Amino acid sequence: MKLAVNRIRYFCLMEVNDQMVDKLATLARLRFNERETASIKNDLQKMIAFVQKMDEVDTAGVEPLQHMSSCRNVWREDEVQGSCSKKEALQNAAQHNDDFFMVPTMIKK
């Protein structure tokens, strides 16, 4: 089956500025000082330039890929196999009660 490919060319002349970095930092819940902001701006500009450079590649007649290689996933049959008992599973735990592993609280409300 041959797919019809309509190649859409667009140029994203995006300005990377302090406001953009601040917004991205807010969305990612990060904080940057002035030196880090300048470095991130530079990195973002390089990434955008790289993506725009890829738009110059002639892909006329190139079929879209579903996979990067001809290999496909080979799935094994799902077979029930033996497992250890709850007692065996908990015997090497640093802390446990009769049913569960006990671990330190990581998220505090």
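I'm trying to understand the selection: among the residues of segment 30-60, which are within 13 Å of residue 16 (Cβ to Cβ) and in contact with a helix residue (DSSP H, G or I) (Cβ under 7 Å, 6 or more places away or on another chain)?
Residues satisfying the conditions are 37, 40, 41.
Could you give every pair whose Cβ atoms fall below 7 Å, whose first residue belongs to segment 33-54 and is in a helix (DSSP H, G or I), and whose second residue is of a type in the set (Phe, Trp, Tyr) and loosely packed, with under 11 Cβ neighbours inside 10 Å, counting only separations of at least 6 or pairs across chains?
If the second residue must be of a type in the set (Phe, Trp, Tyr) and loosely packed, with under 11 Cβ neighbours inside 10 Å, the pairs left are 52/11.
Could you pull out the residue among 50, 32, 11 that is surrounded by 10 or more Cβ atoms within 10 Å (Cβ to Cβ) and either of a type outside the set (A, V, I, L, M) or modelled with pLDDT of 85 or more (or both)? I'd like the intermediate steps shown before the answer.
Working: 50 fails: surrounded by 10 or more Cβ atoms within 10 Å (Cβ to Cβ); 11 fails: surrounded by 10 or more Cβ atoms within 10 Å (Cβ to Cβ).
Criteria check complete, one pass: 32.
Of 91, 81, 52, 66, which residue is under 30 Å from residue 15 (Cβ atoms) and of a type in the set (S, T, N, Q)?
Values: 91 fails: under 30 Å from residue 15 (Cβ atoms); 81 fails: under 30 Å from residue 15 (Cβ atoms); 66 fails: under 30 Å from residue 15 (Cβ atoms).
Being under 30 Å from residue 15 (Cβ atoms) and of a type in the set (S, T, N, Q) holds for just one of 91, 81, 52, 66, which is 52.
Need pairs with beta-carbon distance below 8 Å; first residue exposed (fewer than 10 other Cβ atoms within 10 Å of the Cβ) and within segment 79-108, second among the charged types (D, E, K, R); sequence gap 6+ or separate chains.
Going by the 8 Å Cβ cut-off, the qualifying pairs are 99/86.
The values are calculated or read from the model by the stated rules, or taken from the named source; none is laboratory data. Just so it is clear, the model here is predicted, and its values are computed rather than measured. No Cβ is skipped: glycine too gets one built from the backbone with ideal geometry, and neighbour counts run over all protein chains shown.
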